[in-house]
Every structure is written in C-alpha cells, then in structure tokens.
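Taking it in order: structure first as structure tokens, then the write-up.
FYI, it's all coordinate maths here, none of it is from the lab. Predicted, not measured: the structure shown is a model, and the values here were computed from it. Here Cβ is always computed from backbone atoms with ideal geometry, including for glycine, and neighbour counts include all displayed protein chains.
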Amino acid sequence: SAIREHHQHNPDQKILLLRMHRVNHVDVSGLHILENMVNLFRQDGGDIYMVGVRGAVWRKMTLSGFDQFLGLNHFLAAEDAIGYIFHQVMNPGICVYVCKARVWKECQGLPKSDRTVNIPLHQIESAEAVVPSITPLRLWQRLREENGEGPRIIDVREPEEYRQGHIPRVDLQTLPDLLDHLDDVPFEGDIVFVCRSGRRSAAAVHQLIELGHQNVLSLQGGMLSWQADGLPAVIE
C-alpha cells in the first residue's frame, strides 16, 4: 500500500497522522490493512493517529474493536492534533538534535543543535514512565526545607532554552555533553535532572541507572510543569 511504501522510504518518520475526512466507507479487509499498518509502525517504535473519522467508518471501527486496538486517545480533533502529538507523544530531542526544519508552530521555540545524542532516540520516548522521578512541588519543598543543601539539579536542555527560564541554583549540562561524560557523575548525593517536558531528563536518568546509580531522579513534566505550578524560575 501507499502507507507501507512511504514507511519503507522514510523509516525515520515514526508517527503517522491519517486524515480520514474523505473516507466514507471501510470494510473488514480495510480494517485488517489498517491493523497491519499500526503493527508495522509500533514494531518500529512509532504509532498511528487519526483525525476526521466519519460516522459510518467509526461505527465499523467500534463494531470490529479497531477503536480499542488503536486506542481511543489516538482519535484526535483536527484542531488539536498537531499540538497533542507534539506535546504528549513526540520526543522533543528529535526536534532539537535531529530535525533541522521548523514546520509547525509548536516547534518554533525549540533550539537546533548540531550535537548528536549517543543513545537511540526511541529510548527517550519510553524512559519517562520507568525512571525514578520527583514532582516540581516536592523538589521545591526539598530545596526550601534543606536551606540550599538539597539535591544537586542538572538542566540538560540547550543554552537557549536554559536562558528562557530555569530553576534557581541549577547547573547547565546539555544532554549530549552529559552522555559523553557519564563517568563523571558522582554516585553520592541526590541529583535531579531537568529538561523541558521530562523526556530528555528521563533518558539521562535511565542511562545512569544502567551504570548503577541509585541517587538520580527526573523532574516530572520538566520545566513546563514547574512553571505551570507557579514555581520561581530565573530568566537570563
């Protein structure tokens, strides 16, 4: 099919958004093809999302169980689809370290870096759910309770992001630089890693845990959650 051929020629494109507005009918064989496409993308670390599914097609999907197979959160409203995928699904490390274009409004504020990240980017997608983490409010409480003697905080974003707002008393060490110097990270004392949304910091924590560290945490939701909670940030 055209989707399979496109995927073969563009293996780095992990996420597919299907616009279903002009699809008026789907039968069992069509749903079977869609299931195969979903499996293909998921096996490669990607996924498929849909917008504009018409009523008749939706009824077929619900009767066959395809809606549950794909996941109800994979059927998106057209006006919110790109924003949802960008903020909830995509790995911002791809935008920073791999993609050189600025296609969507959501990616305009992210910096572009020529540095490479020495781990597969799909690991950044999956790491956040399994690494030890701390909420912004709990981190702020620890910083206040311990009178500045709390955990060390390392911001793994790019300098441009850092200057737009960072946690007080934080050290800046970009993710590529950190991953090139993992042996320099001390084993004693708690360390909290911070990024924009929590994925790059989770990747850093994941790599350190693999090396035997037990004192590392990722800030849940990154600076987005920190600022959403109204906590102080330094702008340079």
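Return the lysines within reach of K112: Cα separation strictly under 23 angstrom, same-chain partners fewer than 8 residues apart disregarded; answer none if there are no such residues.
K14, K100
Based only on Cα atoms, what Rg/Rh ratio does the stretch 152-226 have, Rh being taken as Kirkwood's radius?
That ratio equals 0.93.
How do R196, R142 line up, fewest other C-beta atoms within 10 Å first?
By the 10 Å Cβ count, ascending, the order reads R142, R196.
Give, in nm to one decimal, the length gained when the segment between L182 and T135 is fully stretched (0.36 nm per residue of separation minus the Cα-Cα distance).
Difference between extended and current length: 14.5 nm.
Which three extents, in whole angstrom, do the alpha-carbon atoms of the chain cover along their principal axes, largest first?
64, 34, 32
Could you list K112, K14, K105 so that the one with the fewest beta carbons within 10 Å of its beta carbon is first and the one with the most is last?
Starting with the residue having the fewest Cβ neighbours, the order is K105, K112, K14.
How high is the relative contact order of the chain? Use alpha-carbon pairs under 8 Å, at least six apart in sequence, and give a whole percent.
Relative contact order here is 16 percent.
Given contacts defined as C-alpha pairs under 8 Å and at least six residues apart, what's the relative contact order of the stretch 2-89, whole-number percent?
32
Testing the spin-label approximation: label points 7 Å from Cα along Cα→Cβ at E35 and I209. State their distance in nm.
The modelled label-to-label distance comes out at 3.4 nm.
In whole angstrom, how far apart do the alpha carbon centroids of the stretch 3-77 and the stretch 170-236 sit?
Using only Cα atoms, the two centres lie 35 Å from each other.
Out of the GluC sites (Glu not before Pro) in the stretch 5-82, which ones are loop residues according to DSSP with at most 13 other C-beta atoms within 10 Å?
On the way: sites: E5, E35, E79; in loops: E79.
For GluC sites (Glu not before Pro) across the stretch 5-82 that sit outside H, G, I, E and B with at most 13 neighbouring Cβ atoms in 10 Å, the list reads E79.
E149 versus R19, label points 7 Å from Cα toward the beta carbon: distance in nm?
Result for the modelled spin labels: 6.1 nm.
Listing M61, M37, M223 from the residue with the fewest other Cβ atoms within 10 Å to the one with the most, what is the order? Let's see the in-between values first.
On the way: M61 21, M37 17, M223 25.
Ordered by Cβ neighbours within 10 Å, fewest first: M37, M61, M223.
Would you mind calculating the relative contact order of the stretch 180-224 from Cα pairs under 8 angstrom and at least 6 residues apart, reporting the percent as a whole number?
48 percent.
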